[in-house]
Structures are given as C-alpha cells and as structure tokens.
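Q: Here it is, the structure in full.
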Amino acid sequence: MVLSRHIHLAKGDITEQDTDVVVNAANSSLLGGGGVDGAIHRKGGPQILAECRSLRASKYGRGLPTGQAVATTAGRLPAKWVVHTVGPVWSDQEDRSELLADCHRNSLEVAVSLGAKTVAFPAISTGIFRWPLKSAADIALRTVLATDAPGIEAVRFVLFDEAAFAAFNDVLTTLRSE
Ligand code: AR6
C-alpha cells in the first residue's frame with residue numbers, strides 16, 4: 001500500500017478542528033441528529049441547517065443517499081466547510097463495507113472540488129450506527145490511503161475516545177508495516 005498522503009490521528013472533538021473541511025456523520029434527512037451531527041449543528045449555528053434545508057429542497061428531496069456526500073459552509077466552526085455524508089448502519093446480515101468506503105471516497109471528492117487542502121473525518125458509523133471500531137478503522141484508513149484526491153495534503157481522523165483512537169492507531173500501524 002502506498003502511504004503517500006499524510007494521515008494524522010488525533011483524540012478530540014471534530015467541531016474544534018481548523019482543517020478546511022470537517023466531515024459530518026449525518027443522516028439522509030440532512031436535518032441534524034445526535035453524535036457528531038448534533039455537535040456540528042449546535043456549535044456551527046443555524047447557517048448550516050439553513051443550507052441543508054435548501055439542499056433538501058433543491059437536490060435531495062428524498063434525502064441524501066447512504067455513501068454520498070455534499071458540502072455546506074461551516075457557520076461558526078473554525079473549518080471552512082462541512083461535508084455531510086451518510087454512513088451505513090451496521091448489519092451482521094449484509095456486508096455494507098463499500099458504502100462506508102464510499103463515504104470516505106465521496107467526501108474526499110467533494111473536498112477536492114472545494115479546493116480544500118486539509119480534511120478532518122470522525123469515525124463514521126461507529127456511534128449511533130453501531131459499526132465495530134476496528135472494522136470501520138480498517139475501511140476508513142485503507143480507503144483514504146487509496147483514493148486519488150489531488151490537492152489534499154493532510155487528512156486527520158478525529159477520534160472522540162480512547163477506544164476509537166486505539167482502534168485507528170492499531171490499524172494504521174499495521175498498514176504502515178505492510
Ligand atoms: N467529535 C468527534 N467524534 C465524535 C463526536 C465529536 N464531537 N461526537 C461523537 N463522536 P455518531 P454515526 C464519535 O453517532 O455512528 C446522528 O444522529 C462517536 O463516539 O456521531 O455515523 C446522525 O444524524 C463515534 O465514534 O455517527 C445519524 O442519524 C463517531 O463519532 C447517526 O447519528 C460516530 O458517531 C449517524 O451515526
């Protein structure tokens with residue numbers, strides 16, 4: 001595996017990141033929720049929700065499909081843009097890994113189209129959507145490393161707690177030794 005892109009792991013809160021883009025683990029309604037989504041709307045203020053509502057009205061009347069990504073400005077957050085993506089809900093009946101990979105690929109593609117240089121991701125789907133941490137870390141890191149994203153210089157995974165940080169750190173250490 002080519003480790004050309006700078007990947008950093010940080011423990012912390014995605015709403016405090018000063019990267020050009022922060023990625024939101026949204027739901028298809030784009031109208032907010034708990035977890036990362038709740039924190040981004042709470043701290044970012046009403047402008048983000050207003051833009052999400054107009055995206056619903058103009059382009060995504062049926063909601064943003066799982067795996068897709070779309071940008072708004074970042075309101076009062078330190079970032080310039082929020083890229084909202086919808087992770088898959090974990091299933092032990094069906095392999096939805098490609099949808100989780102799509103979230104990362106499509107978020108990077110949107111970030112490239114915005115001219116962003118730096119992107120922060122949370123551990124998409126690992127909270128309310130119940131995806132096991134180690135598996136999510138494996139998919140997220142492999143996908144970001146393998147995606148051609150011209151102009152993106154650094155990607156930061158912002159992990160909220162010790163368990164998430166440890167899972168991403170273990171996987172990244174393994175990938176770096178492959
Ligand atoms: N900064 C960074 N990571 C966080 C933060 C934060 N402020 N808050 C939580 N996490 P989740 P999902 C971690 O539930 O699983 C919403 O209702 C959290 O510990 O935010 O993709 C949406 O509207 C976990 O590791 O996202 C959807 O309905 C990770 O971020 C649904 O939840 C993701 O947890 C999406 O669920």
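The values are calculated or read from the model by the stated rules, or taken from the named source; none is laboratory data. What you are looking at is a predicted structure, and each value in this text was computed from that prediction instead of being measured. Glycine gets a Cβ as well: all are built from the backbone with ideal geometry, and neighbour counts include every protein chain shown. Calculation scope for accessible area: heavy atoms of the full protein, side chains included, ligands and nucleic acids excluded. Shrake-Rupley method; radii C 1.70, N 1.55, O 1.52, S 1.80 Å.
Q: For residues that are within 9 Å of the ligand (Cβ to nearest atom) and β-branched (Val, Ile, Thr), scanning just segment 23-58, find the one that is surrounded by the most Cβ atoms within 10 Å (Cβ to Cβ).
A: Across segment 23-58, the extreme among qualifying residues is ILE40.
Q: In addition: Note down all Cβ pairs under 6 Å where the first residue falls in segment 23-50 and is within 16 Å of GLY12 (Cβ to Cβ), the second is part of a loop (DSSP other than H, G, I, E, B) and within 6 Å of the ligand (Cβ to nearest atom), and they're at least six residues apart or on different chains.
A: The qualifying pairs are ALA25/GLY87; ALA25/PRO122; ALA25/ILE124; GLY35/GLY127; GLY35/ILE128; VAL36/PRO122.
Q: Then there's this: List pairs: first residue in segment 74-100 and farther than 16 Å from ALA26 by Cβ, second residue charged (D, E, K, R) anywhere in the structure, Cβ distance under 6 angstrom, at least six positions apart or on different chains.
A: As it stands, the answer is PRO78/ASP18; LYS80/ASP20; TRP90/ARG130, since those pairs meet every condition given.
Q: Can you name the number of the only condition in (1) closer than 24 Å to GLY34 by Cα; (2) open to solvent by 70 Å² or more (accessible area, probe 1.4 Å) that PRO132 fails?
A: Every condition holds for PRO132 apart from (2).
Q: Let me ask something else about it. May I ask you to list pairs of residues, at least six apart or on different chains, whose Cβ atoms are under 6 Å apart, with the first in segment 119-134 being near the ligand (Cβ under 6 Å from one of its atoms) and the second being small (Gly, Ala, Ser) and open to solvent by 50 Å² or more (accessible area, probe 1.4 Å)?
A: GLY127/GLY35; ILE128/GLY35
Residues are listed down the side, and each one gets a yes or a no for (1) under 20 Å from ALA39 (Cβ atoms); (2) open to solvent by 10 Å² or more (accessible area, probe 1.4 Å):
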site	(1), (2)
TYR60	no, yes
LEU64	yes, no
GLY75	yes, yes
SER97	no, yes
LEU100	no, no
ASN106	no, yes
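Q: Is it true that ILE152 is assigned to a helix (DSSP H, G or I), more than 11 Å from the chain's Cα centre (by Cα) and away from the ligand (no atom under 11 Å from the Cβ)?
A: No.
Q: Any residue in segment 1-16 that is open to solvent by less than 60 Å² (accessible area, probe 1.4 Å), assigned to a loop (DSSP other than H, G, I, E, B), within 14 Å of the ligand (Cβ to nearest atom) and of a type in the set (S, T, N, Q)?
A: no
Q: Further, regarding this structure: Considering only residues that are open to solvent by less than 30 Å² (accessible area, probe 1.4 Å), within 19 Å of ILE152 (Cβ to Cβ) and not in a loop (DSSP other than H, G, I, E, B), which ones fall in segment 77-95?
A: VAL82, VAL83, HIS84, THR85
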